[in-house]
């Protein structure tokens, strides 16, 4: 299904992005990764407009078209007490502006059946203290998703995924850490990669503008003292 297709993944050098890249590669796709860390991929900071333009040109010059764009790069996470104006702007540049501009740059070059997947977060609906820059970026990308889906109707399907607690080291958690997830475990990158592959496939041809939360049911479970393996310990 994905043989000889062209998949672009931002932030694809590590974690969820790396897992997505590997799944596309195993399925026969040509994978183009951009990441700011050094490695065997296009190296660049996607907060920079010129970098986005150069990268999109690189992809089209090399392959002539694109089939899938996965906006996965991780925004900066800092809270309102310490986050500066410039840091907040940077988080939004990585988390919202770059996905917007890459979508704009690539849209004339998408093949038939193309798909854009934006990686949001369950933080688009819940928060921890001092996470404003990250949470704002993730909420923004979720909203941008349905706007793009409407604007690109008939050309490209656009969907977003909101991961919950993802452990990129694939450590096995027990006790309360696992119990807070109705499925009984913490998510791993392959849980997200599997959904990306599905949403890019013909099987999801009638799905666009949607946000799919993959969190093991964590955001649906109300937890009280004594429930689900949780106990309040006063200090």
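The values are calculated or read from the model by the stated rules, or taken from the named source; none is laboratory data. Note that the coordinates shown come from a computational prediction; the quantities given were computed from them, not determined experimentally. All Cβ positions, glycine included, derive from the backbone under ideal geometry; neighbour counts span all protein chains shown.
Quick one: which helices (runs of 4 or more DSSP H) lie wholly within region 124-226 and hold at least 2 residues that are under 22 Å from residue 19 (Cα atoms), touching a helix residue (DSSP H, G or I) at 6+ places or on another chain (Cβ under 6 Å) and in contact (Cβ under 8 Å) with a residue 40 or more places away in the chain?
Fully inside region 124-226 and qualifying: 132-151, 189-200.
Can you name the residue in region 1-33 that is assigned to a strand (DSSP E or B) and more than 19 Å from residue 168 (Cα to Cα) and, of all such residues, is nearest to the chain's Cα centre (by Cα)? Before the answer, list the steps.
Initial filter on region 1-33 (assigned to a strand (DSSP E or B)): 6-10, 30-33.
From what's left, more than 19 Å from residue 168 (Cα to Cα): 6-8, 30-32.
Working: 6: 18, 7: 14, 8: 12, 30: 19, 31: 16, 32: 15 Å.
Checking each candidate, the answer is 8.
Any chance you could count how many residues in region 176-206 are more than 15 Å from residue 216 (Cβ to Cβ) and more than 13 Å from the chain's Cα centre (by Cα)? Before you say what the answer is, go through the steps one by one.
So in region 176-206, the residues more than 15 Å from residue 216 (Cβ to Cβ) come out as 193, 196-206.
After this cut, where a residue has to be more than 13 Å from the chain's Cα centre (by Cα) as well, the list is 198, 200-206.
Residues meeting the conditions: 8.
Tell me, yes or no, whether region 144-157 has at least one residue that is more than 30 Å from residue 112 (Cα to Cα), in contact with a strand residue (DSSP E or B) (Cβ under 6 Å, 6 or more places away or on another chain) and modelled with pLDDT of 80 or more. Even if it seems obvious, please write down each step before you answer.
So the first thing to find is which residues in region 144-157 are more than 30 Å from residue 112 (Cα to Cα), and the list is none.
Checked region 144-157: no residue is more than 30 Å from residue 112 (Cα to Cα), in contact with a strand residue (DSSP E or B) (Cβ under 6 Å, 6 or more places away or on another chain) and modelled with pLDDT of 80 or more.
Comparison of 112, 96 shows that the only residue that is surrounded by 18 or more Cβ atoms within 10 Å (Cβ to Cβ), on the phi < 0 side of the Ramachandran plot and outside any loop (DSSP other than H, G, I, E, B) is 96.
Against the definition (over 22 Å from residue 149 (Cβ atoms), modelled with pLDDT of 95 or more and buried (at least 20 other Cβ atoms within 10 Å of the Cβ)), how does residue 54 come out, yes or no?
When the stated conditions are applied, residue 54 does not pass them.
Here the condition is being surrounded by fewer than 23 Cβ atoms within 10 Å (Cβ to Cβ) and under 14 Å from the mean Cα position of the chain (by Cα); of 48, 40, 61, 124, it holds for 124 alone. Take residue 146 and decide whether it is under 17 Å from the mean Cα position of the chain (by Cα), surrounded by fewer than 18 Cβ atoms within 10 Å (Cβ to Cβ) and farther than 17 Å from residue 198 by Cα. In short, yes.
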